[in-house]
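K.L.:
Here it is, the structure in full.
The values are calculated or read from the model by the stated rules, or taken from the named source; none is laboratory data. Because the structure is predicted, anything quoted here is derived from the model rather than measured. Using ideal geometry, Cβ is built from the backbone for each residue, glycine included, and neighbour counts are taken over all protein chains shown.
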Amino acid sequence: MALVYYAAANTISSITGYNYVADLQYGSDGQGWGAPELDAGSANSKVTENVTWDGDGDESNGVDSGWLAACYTFQAGANGLTWVTGNAGSQLKFGVGTVPSIKQITLRAAVQNETEMLWRSTLVSFYNGTTLRESVSLSDFGVDHTPIGSGTTGESTVRILPAYSDTNRVTVSAQVRMVSPEGVYPDSYDMFSQVFAFVGTRQGSSMLSGSGSDSLQLAPAVQFDPRATVNQLAATPFSDELLGTDTVPDMFGSADPTLL
């Protein structure tokens, strides 16, 4: 069974070691003056797409994307990484090199204003070629800072570690939503989400060997500069909850670990 970790923090933190990333951000709500609303690729190259989230072009009365379908696929091939949401005019496609094994998928929802970024109905499926190895249905997660004065920065992350060492394809299907209340004028990265893929040579049936190519090196938390490119980002958890065991204590107390 795949291992799933949920985490939440009042900072935007950084991670090293991912190979490919798919990003969704507010951008300029399709107006063309900000960052592209969708992009996908590697640290060195990306493809982009402009998307209209709210539609009326008037931020003064608030922004609400509504619940949108988001679909992600990652595997080796000329169009191995695909990324699309319900409002996108076309599917983003990016070439992926050899994928000996998928070590980890990390999902992140984050805000940097009194805004909201949510995920629900998320299903992550791992394959060997076309053979389904396992599917994981995630709890709803995200960040809601829409109450004025609730703070401007926060993230919610989910890390999924597949159980099988021969996993070389993954799909993610979900619904995502961005909300900015009346009187808040969001910048390009004030609401954003990311999907990170980690690949490498696997040893054994579990990726939790803790050493060699299976170990993940987490960087210290850093303040996110919204002027930076999103591919410089990833998630270092504030605290982790390991589902299905009591090995890692619940550090959230009575709070919901999936919604900060």
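Listed here are the residues, each with its yes/no results for (1) in contact with a Pro (Cβ under 6 Å, 6 or more places away or on another chain); (2) basic (Lys, Arg); (3) modelled with pLDDT under 95.
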position: Ala7; (1), (2), (3): yes, no, no
position: Ile12; (1), (2), (3): no, no, yes
position: Ala22; (1), (2), (3): no, no, no
position: Pro36; (1), (2), (3): no, no, yes
position: Asp39; (1), (2), (3): no, no, no
position: Asn44; (1), (2), (3): no, no, yes
position: Trp53; (1), (2), (3): no, no, yes
position: Asp56; (1), (2), (3): no, no, yes
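K.L.:
Among (1) touching a strand residue (DSSP E or B) at 6+ places or on another chain (Cβ under 8 Å); (2) more than 19 Å from Pro100 (Cα to Cα), where does Pro181 come up short?
P.N.:
Status for Pro181: all satisfied but (1).
K.L.:
Just checking, does the range 87-103 include any residue being crowded, with 22+ Cβ neighbours inside 10 Å, modelled with pLDDT of 95 or more and in contact with a helix residue (DSSP H, G or I) (Cβ under 8 Å, 6 or more places away or on another chain)?
P.N.:
Checking the range 87-103: at least one residue is crowded, with 22+ Cβ neighbours inside 10 Å, modelled with pLDDT of 95 or more and in contact with a helix residue (DSSP H, G or I) (Cβ under 8 Å, 6 or more places away or on another chain).
K.L.:
Does Ala88 satisfy the criteria of being in contact with a strand residue (DSSP E or B) (Cβ under 9 Å, 6 or more places away or on another chain), part of a strand (DSSP E or B) and in contact (Cβ under 8 Å) with a residue 12 or more places away in the chain?
P.N.:
no
K.L.:
Something else now. Just one of Phe196, Phe192 is modelled with pLDDT of 95 or more, under 21 Å from Asn61 (Cα atoms) and either touching a Gly at 6+ places or on another chain (Cβ under 8 Å) or not aliphatic (A, V, I, L, M) (or both); which is it?
P.N.:
None of the others qualify; the one that does is Phe192.
K.L.:
Please enumerate the residues belonging to the range 79-101 that are of a type outside the set (S, T, N, Q) and either within 16 Å of the chain's Cα centre (by Cα) or under 14 Å from Leu24 (Cβ atoms) (or both).
P.N.:
Hits for the range 79-101 are Leu81, Trp83, Val84, Gly86, Ala88, Leu92.
K.L.:
Is there a residue in the range 35-42 that is in a strand (DSSP E or B), farther than 27 Å from Gly154 by Cβ and either out of contact with any Gly (no Cβ under 6 Å at 6 or more places or on another chain) or among the charged types (D, E, K, R) (or both)?
P.N.:
No, the conditions are met nowhere in the range 35-42.
K.L.:
Follow-up. So which of Gly17, Gly27 ends up being over 27 Å from His145 (Cα atoms) and either in a loop (DSSP other than H, G, I, E, B) or among the aromatic types (Phe, Trp, Tyr) (or both)?
P.N.:
Gly17
K.L.:
Looking for something of a type in the set (D, E, K, R) and touching an Asp or Glu at 6+ places or on another chain (Cβ under 7 Å) - is there at least one such residue anywhere in the range 83-98?
P.N.:
No, every residue in the range 83-98 fails to be of a type in the set (D, E, K, R) and touching an Asp or Glu at 6+ places or on another chain (Cβ under 7 Å).
K.L.:
Only one residue in Asn61, Asn44 is surrounded by fewer than 21 Cβ atoms within 10 Å (Cβ to Cβ), farther than 10 Å from Asn87 by Cβ and in contact (Cβ under 8 Å) with a residue 60 or more places away in the chain. Which one?
P.N.:
Answer to the selection: Asn61.
K.L.:
Moving on to the next point. What number goes with the only condition from (1) closer than 20 Å to Thr167 by Cα; (2) surrounded by fewer than 19 Cβ atoms within 10 Å (Cβ to Cβ); (3) not acidic (Asp, Glu) that Ala22 does not pass?
P.N.:
Ala22 satisfies every listed condition except (2).
K.L.:
Identify, please: which residue in the range 122-170 is part of a strand (DSSP E or B) and in contact with an Asp or Glu (Cβ under 6 Å, 6 or more places away or on another chain) and is, among those, nearest to Phe196 (Cα to Cα)?
P.N.:
Phe126
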